[in-house]
1. Compute the Cα gyration tensor for the stretch 48-193, then decide on rounded, prolate or oblate, letting a ≥ b ≥ c be the square roots of its eigenvalues: rounded whenever a/c is under 1.5, prolate when a/b is larger than b/c in the other cases, and oblate in all that remain.
2. Quick one: net charge around residue 155, please, counting Lys, Arg +1 and Asp, Glu -1 for every other residue with C-beta under 13 Å from its C-beta.
3. Any chance you could give the angle, 0 to 90 degrees and rounded to 10, that helix 411-421 forms with the longest Cα principal axis of the chain?
4. Dimensions of the chain along principal axes (Cα, Å, largest first)?
5. If you add up the charges near residue 187, with Lys and Arg at +1 and Asp and Glu at -1, over every other residue whose beta carbon is less than 14 angstrom from its beta carbon, what do you get?
6. Mind listing the long-range amide H neighbours of residue 331? Cut-off is under 5 Å, sequence gap 5 or more, other chains count too, H placed in the peptide plane at 1.01 Å from N.
7. If you find the alpha carbon centre of the stretch 298-315 and of the stretch 149-196, how far apart are they in angstrom?
8. When DSSP beta bridges are limited to those with both residues in the chain, what percentage is antiparallel, rounded to the nearest 5?
Amino acid sequence: MGMTGQELGRNHPEVEKIFQQQMHEIGIRVDRAFAFLMLIQWVSCIFLGASITPFTWVGQFSGSLENALVGLVFGGLFALPPIYCAWVLPGQKITRYIIAIAQVCFSILLIYLTGGRIETHFHVFVSLAALAFYMDIPVLWVAAAIVVIDHGLRGVLLPISVYGESADVEWRWIEHAGWVFFENIILGLGIQRIRAELREMAFSKFQLIEAREEALRFASLKSNFLSNMSHEIRTPLNSILGFSDILRDTTLDEEQREYIGTIHRCSDTLLHLINDILDISKIENGLLQIDHHRFDLKELHQDIHKMFSVKCMEKGLELELAMDEGIPNHTLGDSYRLRQVLTNLVSNAVKFTDSGKVRIEVYKDREARLYRWHVKDTGKGIHYDNIKKLFRSFYQEDPSISRKYGGSGLGLMISKNLIELMGGQISVDSKVGEGTTFSFSLPLEEA
């Protein structure tokens, strides 16, 4: 039978590459840990040689100085090569084997320096358990083989150096070897299980990478599609808007003029929606560029004021513009995007305010080196639970808003992203029945 899609995926070369990278990273971390352990064991061997060994059977032949020298020389012989490999060749197979051999050699040396105390034999089992962190079964068996060969040779030729006694212990090495093999089997089963889990993690990571690449490809296709479609739609829409303006200037009766007005408003709304969708696509794909140039900050705000004055007069609203006297005429930034943000915020304020006023405040925060804006209205306000949802795409607080006021729910999301792209922040403060204040800041430079 053929392999399923998931089985084929698990055997993908990229999955194996990710798995090997994981194992390499684990190897590096374990190498560094063993490098410190080698230093500690080396110092311990010198200490044991000077203080403990003279009181064992070895003391019949040598004293503290000689045994301290044994710990110094042999400890250094076992410690220095793995320390060097751990820092020069971290994560390499040769480093693992050198560390494994050195570690069990330390076990052998410690057993000798403590006069074959049975408690010291536990160092062998601890060493094997520590080497299991490499997740490499052959490394364990190399270490186990060295321990068994050492115990076999010394157990027959010089058993007192292994067990601290010499009578009736020649074959005890077989029992020790059995326990070493038993531990290796248990550790090997655990390693196989963990390696299988690591391979599953590698497969999951591979799937995430593939999904991300697919999403990026899809996003790129979507962006290109939206760009092309918006161009194709805007061309006839601009023609409709242009001809509706021309037709409005001709002799029309009241009903025809109303129809032309409807055509013009609907076309204009559709054009704004297309532009908003295209902006969102650019933001999502990181393609929207912020242009830094010199512009007249005061003139920009005066234009905004003029733009909404007529609408406010129609609704009986006051439109106030308050600018700090210390604001310079010219600054450096993206005037087009700032105008877009202010247009969105002031448009919303005028749209949702039926009585009272809309106020635009601008001032320079000299301490923070920022320019701050407040767009305030005396409209119906926003419920506290809905404030955090305002900046989502297509979100509107009330389903009836789109029907009553128009709009797509994209403006605030675009404004938030534009402000953050320009290095600023935006916040909202609102009370139901009292009004709403949108505040944002931007780090504009004085020109």
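1. On the way: a/c = 2.66, a/b = 1.32, b/c = 2.02.
Verdict is oblate for the stretch 48-193.
2. Here the count lands on -3.
3. Approximately 50 degrees, to the nearest 10.
4. 125, 65, 40
5. Working: positive: 193, 195; negative: 136, 183.
Here the count lands on 0.
6. Sorted by chain and number, the residues that satisfy this are 295, 297, 447.
7. 90
8. Numbers: 28 of 34 bridges.
Of all bridge pairs located within the chain, approximately 80 percent are antiparallel.
The values are calculated or read from the model by the stated rules, or taken from the named source; none is laboratory data. Just so it is clear, the structure is predicted and the values come from calculations on it, not from any experiment. Note that each Cβ is placed from the backbone with ideal geometry, even for glycine, and that neighbours are counted across all protein chains shown. The protein model used for the area step is the full one, side chains on, heavy atoms only, and it has no ligands, DNA or RNA in it. Shrake-Rupley method; radii C 1.70, N 1.55, O 1.52, S 1.80 Å.
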